[in-house]
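Asker: Mind having a look at this structure? Questions to follow.
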Amino acid sequence: MNGLKTEHWHNIVVLTGAGISAESGLGTFRGAGGLWEQHRVEEVATPEAFAADPAMVYRFYNARRAQLAEAEPNAAHRALAEMERRWQGGFALVTQNVDNLHRRAGSTRVYSMHGELDKMRCQRSGSVLDAPVYFDSEHCCSCCGVAGSLRPHVVWFGEVPLFMDEITALLAHCDLFVAIGTSSTVYPAAGFVALAREAGATTLEINPEPTEASSRFHHHWRGRATELVPKLADLLLSSP
Ligand code: BJW
């Protein structure tokens, strides 16, 4: 941990990825243990995979929902919720994660740009509904009463992420941008650091490993999110 001196920051934007939930027991997508039934995420999280083999894709998300039901927010999620409560300027949390651990830790201003695992969407009406732990093509939706129209409310490759207008506006007025636990391999999130720098922001990457985007950040804190995010909260919330 080095280098970051508190400045006259007003607006903070934090981007999180799978690494922040790793210490809550949820697997990351890439690196060791990133395969699910021998599939890479790029092979299951696509509209094409859902069209070709919906049972496999439902099974993937049902397993993830069951795992999430057993998981609890960790110290990093809680530290971000405390930052939102106590930071005097603007604070926004953008997450690529579809788990609900930020909200369960108490964060309220969360932009879940890749959707939410505990929601499902009717492809006929567009309604977004609370999802049970298990659902598949047999499940009838409450809006039109037809089976086979429900899909996970998540953003797959080739689909447009959610809240892009809001996130772009936040980045354009950002003074400090922090990326936590993301490999920065998936766009548009991987490009947010460049947008933040165009806005003149200071940028910090928190990750145990260097990533494809590391060279674009001013500062790097190497270590686990549960250790370093509470330290960041202490640093920011104790500054005059
Ligand atoms: C720790 C830790 C600890 C471990 N503490 N850290 C060529 C060039 C550029 C772009 C493209 C291209 N070809 C195609 C594209 C576009 C494509 C893309 O980016 N593809 C890449 C593979 C190249 N992107 C899209 O299609 C997106 N849509 C799009 O671009 O639309 C166009 C558009 C955009 C904007 C406006 C208008 C139009 C959609 C992307 C959807 C991604 N969906 C998924 C699945 C979501 C549902 C689900 O969860 O199942 O999102 S894929 C998956 O990857 C998931 C994640 O959110 C995402 C990112 O992964 P993340 O979070 O970074 O996890 P990992 O596993 O990669 O990394 C974990 C990190 O944690 C590691 O670095 C560890 O070191 C670290 N870590 N333990 C802290 N304790």
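Asker: Running Debye on the stretch 63-103 with equal point scatterers at the Cα sites and no solvent, what base-10 log of I(q)/I(0) appears at q = 0.19, 0.24 Å⁻¹?
Answerer: Scattering profile of the stretch 63-103, log10 relative to I(0): -0.62, -0.86.
Asker: Okay, next question. Any idea how far apart residue 46 and residue 187 come out in nm if each label point goes 7 Å out from Cα toward Cβ?
Answerer: Inter-label distance under the simple model: 1.7 nm.
Asker: Note the direction-averaged projected area, equal to a quarter of the hull surface, for the Cα convex hull of the stretch 134-214, in nm².
Answerer: Projected area, direction-averaged: 7.7 nm².
Asker: Also, quick follow-up: Neighbouring Cβ atoms within 10 Å as the yardstick, rank 187, 134, 111 fewest first.
Answerer: 187, 134, 111
Asker: Which trypsin sites (Lys or Arg not before Pro) from the stretch 141-227 combine a DSSP loop assignment with at most 14 other Cβ atoms within 10 Å?
Answerer: 222
Asker: Something else now. Give me the percent relative contact order of the chain, please, defined on Cα pairs under 8 angstrom at least 6 residues apart.
Answerer: 25 percent
Asker: From zero up to wherever the largest Cα-Cα distance of the stretch 72-130 sits, split into 5 Å bins and tell me the percent of pairs in each.
Answerer: Values per bin, smallest distances first: 4, 18, 25, 22, 13, 9, 6, 3, 0.
Asker: So what's the projected area for the chain, the Cα convex hull averaged over all directions, in nm²? Walk me through the numbers on the way to the answer.
Answerer: Numbers: hull surface 50.4 nm².
Result: 12.6 nm².
Asker: Evaluate the distance, in nm, between pseudo-label points positioned 7 Å from the Cα of residue 35 and of residue 138 along their respective Cα→Cβ axes.
Answerer: In this crude label model, residue 35 to residue 138 measures out at 3.0 nm.
Asker: While we're on this one: Enumerate the calculated ³J(HN,Hα) couplings along the stretch 157-164 in order (Karplus 6.51 cos²θ - 1.76 cosθ + 1.60, θ = phi - 60°), each rounded to whole Hz, writing x wherever the residue is Gly or Pro.
Answerer: 4, x, 9, 7, x, 7, 6, 5
Asker: Can you give me the long-range amide H partners of residue 111? Hydrogens built in the peptide plane at 1.01 Å from N, cutoff under 5 Å, separation of 5 or more residues or another chain.
Answerer: Here the answer is 93, 94, 95, since their amide H atoms fall under 5 Å of that of residue 111.
Asker: Right, next: Over the stretch 83-144, what is the relative contact order in whole percent, taking alpha-carbon pairs under 8 Å and six or more residues apart?
Answerer: Numbers: 66 pairs, mean separation 14.9, N = 62.
After rounding, I find 24 percent.
Asker: Give me the Kirkwood hydrodynamic radius of the stretch 1-123, using the inverse of the mean 1/r over all pairs of distinct Cα atoms, in Å to one decimal. Don't skip to the end; give the middle numbers.
Answerer: Numbers: mean 1/r = 0.0620 Å⁻¹.
Here the Kirkwood hydrodynamic radius works out to 16.1 Å.
Asker: Let me ask something else about it. What whole number of Å gives the distance from the Cα centroid of the stretch 87-129 to the Cα centroid of the stretch 192-222?
Answerer: 23 Å
Asker: Now for a different question. Using θ = phi - 60° and the Karplus relation 6.51 cos²θ - 1.76 cosθ + 1.60, list the HN-Hα couplings for the stretch 188-203 in order, rounded to whole Hz, with x at every Gly or Pro.
Answerer: x, 4, 5, x, 5, 4, 5, 5, 5, 5, 4, 7, x, 6, 7, 10
Asker: Let me ask you something else. Can you work out ³J(HN,Hα) from phi for every residue in the stretch 49-61, in order, using Karplus 6.51 cos²θ - 1.76 cosθ + 1.60 and θ = phi - 60°, giving whole Hz and x for Gly and Pro?
Answerer: Working through the residues one at a time gives 5, 5, 5, 7, 8, x, 4, 5, 5, 4, 4, 4, 6 Hz.
Just so you know, all these numbers are worked out from the coordinates, no wet-lab data involved. Keep in mind that this is a model prediction, so the values were computed, not measured. Methodologically, a virtual Cβ is constructed for each residue, glycine included, from the backbone with ideal geometry; neighbour enumeration extends over all protein chains shown.
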